[in-house]
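Peer 1: Supplied in structure tokens, the structure appears directly below.
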Amino acid sequence: MSDVKTALPEGFKAGLEGIIAGTSAIAEVDAQKDALVYRGYAAHELAEKASYEEVSYLLLLGKLPNKAELAAFKAELAKSRALSPFVLESLRRLPPTTNPMVALRVGVSRCYIEDPDGDRTDAEANLRKAKRLVAQAPTLVAAISRLHRNEEPLDPDPSLDQAANFLYMESGAEPDADVARILDSTMTLYAEHGFNASTFAALVTASTLSDMHSAVASAIGALKGPLHGGANEQAIEMLLKIKEPDAVEPWLKAALERKEKVMGFGHRVYRHQDSRAPYMRQLAEQMAKRMGDEKLFELSIRLEDAVKKAKNLFPNVDYHCAVVYYLMGLPTVIYTPMFAMARMTGWTAHVMEQHASNRLIRPECVYTGARDLKFVPIDQRS
Ligand SMILES: CC(C)(COP(=O)(O)OP(=O)(O)OC[C@H]1O[C@@H](n2cnc3c(N)ncnc32)[C@H](O)[C@@H]1OP(=O)(O)O)[C@@H](O)C(=O)NCCC(=O)NCCS
């Protein structure tokens with residue numbers, strides 16, 4: 001075997017770190033200022049002042065809606081939420097142990113089969129599909145959650161907004177307006193984040209001129225991993241394991257000695273602070289106060305301080321969101337699917353942008369394997 005000399009380009013970093021892979025007018029992630037901007041508006045301000053539907057309109061259609069536009073958009077979403085018996089039956093037939101993110105991928109693929117715009121990639125068809133996916137995603141996640149605990153899915157309530165309707169479909173109870181508002185804000189913070197791993201996965205698929213549902217299925221697969229969307233579920237499991245605030249420091253010391261990652265901390269792009277985390281932390285605090293149970297929130301703050309001190313690492317959006325969802329009484333297994341239902345807007349907006357000005361995404365790699373091997377016929381191989 002010849003020696004392989006692997007010449008890596010100067011400044012090469014694994015994982016496409018620092019690589020500009022395209023252009024986008026949807027969101028700006030400014031790591032220097034720790035800022036996230038959706039089409040020119042600060043994401044945290046939108047989370048505080050606008051509804052998830054307004055933000056979805058902004059991301060999909062490029063501007064904030066006026067009252068009439070918003071009303072029409074909401075009516076369209078409400079009308080598109082219900083799942084067909086075919087889609088529901090395919091979810092029912094999954095083994096009860098199916099990972100909910102896998103179930104969501106199945107659900108999205110089933111929705112494609114029935115979608116009237118199928119494989120079309122033109123702007124009008126893509127927008128219709130994007131709205132349908134944004135509307136259907138919460139229904140899919142609520143149905144998956146209920147089936148996971150052996151309960152029948154519920155029909156959507158068209159009189160409720162996206163967040164409130166999700167809470168209703170998941171629990172069957174009339175949603176509390178304040179809790180629905182907090183969920184709505186978390187959904188805005190989760191809605192979009194530039195070329196993150198799942199959006200990039202969607203773009204790679206879309207760039208082959210595959211359809212929007214296939215791109216979203218790719219994105220769901222990428223979001224499932226614990227280094228991406230899966231972190232919110234891992235973070236709550238970690239906090240519940242630590243249990244007591246006084247156990248934080250010894251737990252952290254032992255975890256770092258074992259070289260474990262602290263889930264919900266760190267970020268590839270932000271190196272000082274995740275722009276979404278401060279407002280998500282406020283939402284966790286609001287939720288804790290509302291429930292009259294601040295123990296978990298206090299424990300989370302104590303771990304945040306300890307990780308900062310020990311590793312100079314900060315919590316990302318998933319960390320505080322896990323606390324919010326736990327205090328809402330939502331089952332841990334759907335935290336990542338809930339991230340997906342909120343991110344559906346960002347994914348589909350990016351697919352539309354990609355298809356509007358498509359070029360195949362096909363990077364190269366530096367070969368590090370063997371070269372110049374002499375072929376040996378199979379009957380002479382040891
Ligand atoms: C998000 C994440 C994948 C970014 O990874 P990255 O840019 O590839 O950074 P690296 O994993 O190379 O980490 C750089 C250094 O910080 C450390 N680090 C990063 N995140 C860490 C964490 N959560 N806990 C402990 N150490 C961490 C790494 O161990 C590494 O240290 P080293 O240089 O001494 O080996 C990473 O921070 C992580 O795994 N976080 C936990 C999962 C998570 O919360 N994901 C959701 C992201 S929104």
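The values are calculated or read from the model by the stated rules, or taken from the named source; none is laboratory data. Owing to the predicted nature of the structure, the values given are computational and were not obtained by experimental measurement. Positions of Cβ are backbone-derived with ideal geometry, glycine not excepted, and every protein chain shown enters the neighbour counts. The area values use the complete protein model at the heavy-atom level, side chains included, leaving out ligands, DNA and RNA. Shrake-Rupley method; radii C 1.70, N 1.55, O 1.52, S 1.80 Å.
Peer 1: Which percent of the Cα-Cα distances in the stretch 183-336 go past 24 Å?
Peer 2: Here the tail beyond 24 Å accounts for 34 percent of pairs.
Peer 1: Hey, another quick one. Could you pull the Rg and Dmax for the stretch 58-185, using just the Cα atoms, both in Å?
Peer 2: Cα-based Rg and Dmax for the stretch 58-185 come out at 15.1, 45 Å.
Peer 1: May I ask you to give the percent of accessible area on the stretch 46-201 that is carbon plus sulfur, with a probe radius of 1.4 Å?
Peer 2: Looking at the stretch 46-201 in its full context, I get 54 percent from C and S.
Peer 1: Taking 0.36 nm per residue of sequence separation and subtracting the Cα-Cα distance, how much length would be gained by fully extending the chain between D176 and F12, in nm to one decimal?
Peer 2: Fully extending the segment from D176 to F12 adds 54.0 nm.
Peer 1: Can I ask one more? Report the extension gain between K261 and V333 in nm, rounded to one decimal, defined as 0.36 nm multiplied by the number of residues separating them, less their alpha carbon distance. Write down the numbers at each step before the final one.
Peer 2: Working: separation 72, 0.36 × 72 = 25.92 nm, distance 2.02 nm.
This chain segment gains 23.9 nm when fully extended.
Peer 1: Just check the stretch 229-286 against the gyration tensor rule for me: Cα atoms, a ≥ b ≥ c as the square roots of the eigenvalues, rounded for a/c under 1.5, and otherwise prolate or oblate depending on whether a/b exceeds b/c.
Peer 2: oblate
Peer 1: So, one more: Enumerate the calculated ³J(HN,Hα) couplings along the stretch 236-253 in order (Karplus 6.51 cos²θ - 1.76 cosθ + 1.60, θ = phi - 60°), each rounded to whole Hz, writing x wherever the residue is Gly or Pro.
Peer 2: So the Karplus estimates, Gly and Pro as x, are 5, 4, 5, 5, 5, 6, 5, 6, 10, x, 5, 8, 4, 5, x, 4, 5, 4 Hz.
Peer 1: Calculate the length of the line joining the C-alpha centroid of the stretch 315-329 to that of the stretch 176-218, in whole Å.
Peer 2: 18 Å
Peer 1: Summarise the long-distance tail of P(r) for the chain by giving the % of C-alpha pairs beyond 27 Å.
Peer 2: When every Cα pair of the chain is considered, 51 percent fall beyond 27 Å.
Peer 1: Something else about it: On full extension of the chain, what length is gained from E45 through A31, given 0.36 nm per residue of separation minus the C-alpha to C-alpha distance?
Peer 2: 3.3 nm is the gain from fully extending E45 to A31.
Peer 1: Going down the table (K33/K289; K241/K295; K13/K311), which pairs top 19 Å between alpha carbons?
Peer 2: The pairs that break the limit, which is 19 Å between Cα atoms, are K33/K289; K13/K311.
Peer 1: Using only the alpha carbons, work out the radius of gyration and Dmax of the stretch 4-66 in angstrom.
Peer 2: 17.4, 62
Peer 1: For the stretch 189-241, what ratio Rg/Rh do Cα atoms give with a Kirkwood hydrodynamic radius?
Peer 2: Using Cα coordinates only, the ratio equals 1.10.
Peer 1: Check cross-link reach from K131 to the lysines: straight Cα distance under 16 Å, and skip same-chain residues fewer than eight apart.
Peer 2: Excluding near neighbours in sequence, the set is K63, K74, K79.
Peer 1: Using only Cα atoms, locate the centre of the stretch 339-382 and the centre of the stretch 64-105, then give the distance between them in Å, rounded to an integer.
Peer 2: Here the two parts' Cα centres lie 30 Å apart.
Peer 1: Binned at 5 Å from 0, what are the whole-percent values of the Cα-Cα distance distribution for the stretch 1-130, short to long?
Peer 2: P(r) over the stretch 1-130, rounded to whole percents: 2, 7, 12, 12, 13, 14, 14, 11, 7, 4, 3, 2, 1, 0, 0.
Peer 1: Tell me what the chain gives for mean residue ellipticity at 222 nm when only DSSP H runs of n ≥ 4 count, each as -39,500 (n - 2.57), the sum divided by the residue total, rounded to 500 deg cm²/dmol.
Peer 2: -18000 deg cm²/dmol
Peer 1: Return the loop-located chymotrypsin sites (Phe, Trp or Tyr not before Pro) in the stretch 1-90 (DSSP other than H, G, I, E, B) with at most 11 other Cβ atoms within 10 Å of their own Cβ; answer none if there are none. Spell out each step's value before the answer.
Peer 2: Numbers: sites: F12, Y38, Y41, Y52, Y57, F73, F86; in loops: F12.
Hits after loop and neighbour filter: F12.
Peer 1: Averaging sequence separations of C-alpha pairs under 8 Å and six or more residues apart, then dividing by the length of the chain, give the relative contact order as a whole percent. Intermediate results must be reported in sequence, preceding the final value.
Peer 2: On the way: 541 pairs, mean separation 93.5, N = 382.
RCO, the chain: 24 percent.
Peer 1: Also, quick follow-up: The stretch 277-381: which trypsin sites (Lys or Arg not before Pro) are DSSP loop and have at most 16 other beta-carbon atoms within 10 angstrom?
Peer 2: Those that pass, being in a loop and sparsely packed, are R359, R371, K374, R381.
Peer 1: Just name one of T121, A50, L77: the one whose Cα is farthest towards the positive end of the charge dipole of the chain (beta-carbon charges, Lys/Arg +1, Asp/Glu -1).
Peer 2: T121
Peer 1: Compute the FRET efficiency between A356 and N66 as 1/(1 + (r/R0)^6), taking r as their Cβ-Cβ distance and R0 = 30 Å, and round to the nearest 0.05.
Peer 2: In this case the efficiency is close to 0.80.
Peer 1: Using the Cα atoms of the stretch 63-112, I'd like the radius of gyration and the largest Cα-Cα distance, Dmax, both in angstrom.
Peer 2: Using the Cα atoms of the stretch 63-112, the pair Rg, Dmax is 15.4, 45 Å.
Peer 1: List the aspartates and glutamates whose Cα sits under 12 Å from the Cα of K224, skipping any in the same chain fewer than 8 residues away.
Peer 2: Partners found: E233.
Peer 1: Which one of P363, M328, T208 has its Cα pushed farthest toward the positive end of the charge dipole of the chain, where Lys and Arg give +1 and Asp and Glu give -1 at the Cβ?
Peer 2: P363
Peer 1: Using only the Cα atoms of the stretch 27-95, build the gyration tensor, take square roots of its eigenvalues as a ≥ b ≥ c, and label the shape rounded, prolate or oblate: rounded if a/c is under 1.5, else prolate if a/b is larger than b/c, else oblate.
Peer 2: Cα axes put the stretch 27-95 in the oblate bin.
Peer 1: So, one more: Once R0 is set to 51 Å, what does the formula 1/(1 + (r/R0)^6) return for the Cβ-Cβ distance between R92 and Y367, expressed as a FRET efficiency to the nearest 0.05?
Peer 2: 0.60
Peer 1: Continuing with the same structure: In Å², and per residue, what accessible area does the stretch 106-231 have when probed at 1.4 Å with the other protein chains present?
Peer 2: Counting only protein heavy atoms, the per-residue value for the stretch 106-231 is 35 Å².
Peer 1: Within 10 Å of each candidate Cβ there may be at most 10 other Cβ atoms; applying that plus a DSSP loop requirement, which trypsin sites (Lys or Arg not before Pro) in the stretch 43-114 survive? Spell out each step's value before the answer.
Peer 2: Values: sites: K49, K63, K67, K74, K79, R81, R92, R93, R105, R110; in loops: K63, R81, R93.
Loop-located and lightly packed - K63, R93.
Peer 1: Still on this model: What shape does the stretch 322-377 have by the C-alpha gyration tensor, where a ≥ b ≥ c are the square roots of the eigenvalues, rounded means a/c under 1.5, and otherwise prolate means a/b greater than b/c and oblate the rest? Mind dumping the intermediate values first?
Peer 2: Details: a/c = 4.85, a/b = 1.84, b/c = 2.64.
Taking the square roots of the gyration eigenvalues as a ≥ b ≥ c, the stretch 322-377 is oblate.
Peer 1: Which cross-chain or sequence-distant (5 or more) residues have an amide H under 5 Å from the amide H of A35, H modelled 1.01 Å from N in plane?
Peer 2: D30
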